[in-house]
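Q: Sharing a structure with you now.
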Amino acid sequence: MTTKENILLLLENRKGEYISGEQLASQLGLSRTAVWKAVSGLKEDGFEIESAGRLGYRLPADSDMLSAAAVESRLKNHVFGINIVHETGSTNDDAKALAEKGAPEFTVIAAHRQTRGKGRLGRKFYSPQGTGIYFSIILRPDIPITESLYITTAAAAATARAIEDVTGRNAGIKWVNDIFADGKKVCGILTEASIDMETGRMQYAVLGIGVNVRSPEGGFPDDIKNVAGYLCTPEDYVPGTRSRLLAAILDNFYDYYRQLSMKTFFDEYVSRSILIGKEVTVLHPDHPYTAIVKGIDENCRLLISADGKDAVLDSGEVSVKLI
Ligand code: BTN
């Protein structure tokens, strides 16, 4: 961890309390000038650190800044390398660039805001400052391409469970990888992969997850306002929820990912489906049609019945809309 991250971790662990510059310096084996410089850098990065002469420095008890230190201090699985940037185009693009340069598995890039957040099927993902969590994980799975969908479905199950544990909201999964709470989409997942054409295996995958945690100032843009939702109202938002949620998603995902081929996520994934038993429109590019969802098979494909005939839908081919 860098000096800035070490200082943040100490302040995070005693949020609301002052820690003197001298104490920080001696705990970290630094000079007081080095501490002062690191704190100034953190303030420039937007952290609301308060300074009070000889009392030292503190993070306000209600500080809500997403920081690597705050996330790390809450993680159970210490395998992730967490990097948090203030602003970026898309954390998926950043993670892909890092993966190309050889960054290790479990490198995480999170951003306070994205200016070109990407969704599935060429859509945008609205990512305003401070209200959501937007992050990508570099993965280097040794799995056949046929199992690559399980990265996304495991992530959906992991995220839904984390949402419920951290915020208490019921989280359902709309096949294949959207998470809904009370009829509104609160999370989207976009997995991108690079394939080695010679071996037919995956060089790396980038798993991108965006969660709308708080209501954005001024609401969602017109084009998504009927579909998009958030997890916490301003009244019930507890500071630190975003860090806790990010840590919980990473931990849950890691547990599923390390035994991906055994599909330990599957029962959770199916039990959270909001489509089973519902009428949907299958958004076939040439001829959309109505169907009833019967279930989800062991390959995470959707089992439907349309015009009295049973059919199996593959996520790569079509998406569905609830009627
Ligand atoms: C969707 O809803 O279609 C998928 C949305 C995925 C959004 C996340 S936010 C972090 C990562 N970076 C991106 O540009 N997209 C993903």
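Q: I need the full set of residues from the stretch 210-224 which are within 15 Å of the ligand (Cβ to nearest atom) and surrounded by 12 or more Cβ atoms within 10 Å (Cβ to Cβ), in order please.
A: Correct list: 210, 211, 212, 213, 216, 220, 221, 224.
Matching residues to (1) farther than 24 Å from residue 315 by Cα; (2) not charged (D, E, K, R); (3) not assigned by TED's automatic domain parsing to the domain that holds residue 296:
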residue: 101; (1), (2), (3): yes, no, yes
residue: 117; (1), (2), (3): no, yes, yes
residue: 167; (1), (2), (3): yes, yes, yes
residue: 173; (1), (2), (3): no, yes, yes
residue: 178; (1), (2), (3): no, no, yes
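Q: Considering 222, 267, 255, 251, which residue is among the acidic types (Asp, Glu) and over 22 Å from residue 157 (Cβ atoms)?
A: 222
Q: Over 30 Å from residue 152 (Cβ atoms) and either surrounded by fewer than 19 Cβ atoms within 10 Å (Cβ to Cβ) or in contact (Cβ under 8 Å) with a residue 12 or more places away in the chain (or both): does that describe residue 72?
A: No.
Q: Just the residues that are within 10 Å of the ligand (Cβ to nearest atom), assigned to a strand (DSSP E or B) and touching a helix residue (DSSP H, G or I) at 6+ places or on another chain (Cβ under 9 Å), please, taken from the stretch 170-209.
A: 178, 179, 187, 188, 189, 190, 191, 192, 206, 207, 208, 209
The rows are residues; the columns are (1) assigned to a loop (DSSP other than H, G, I, E, B); (2) loosely packed, with under 12 Cβ neighbours inside 10 Å; (3) of a type outside the set (S, T, N, Q).
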| position | (1), (2), (3) |
| --- | --- |
| 269 | no, no, yes |
| 277 | yes, yes, yes |
| 285 | yes, yes, yes |
| 293 | no, no, yes |
| 299 | yes, no, no |
| 310 | no, yes, yes |
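Q: For the stretch 232-256, which residues satisfy the criterion of being modelled with pLDDT of 95 or more and over 17 Å from residue 135 (Cα atoms)?
A: Residues satisfying the conditions are 232, 255, 256.
Q: Name the residue, out of 8, 42, that is outside the structural domain of residue 256 (by TED's automatic domain parsing), in contact (Cβ under 8 Å) with a residue 60 or more places away in the chain and either closer than 25 Å to residue 111 by Cβ or not in a loop (DSSP other than H, G, I, E, B) (or both).
A: The match here is 8.
Q: Where residues in the stretch 15-35 are closer than 24 Å to residue 83 by Cβ and out of contact with any Leu (no Cβ under 7 Å at 6 or more places or on another chain), which of them is surrounded by the fewest Cβ atoms within 10 Å (Cβ to Cβ)?
A: Restricting to residues being closer than 24 Å to residue 83 by Cβ and out of contact with any Leu (no Cβ under 7 Å at 6 or more places or on another chain), the top hit is 29.
Q: Could you list all residues from the stretch 235-267 that are closer than 19 Å to residue 185 by Cα, in a helix (DSSP H, G or I) and not β-branched (Val, Ile, Thr)?
A: Residues satisfying the conditions are 242, 245, 246.
The values are calculated or read from the model by the stated rules, or taken from the named source; none is laboratory data. Since the structure is predicted, the reported quantities are computational estimates derived from the model, not experimental observations. Methodologically, a virtual Cβ is constructed for each residue, glycine included, from the backbone with ideal geometry; neighbour enumeration extends over all protein chains shown.
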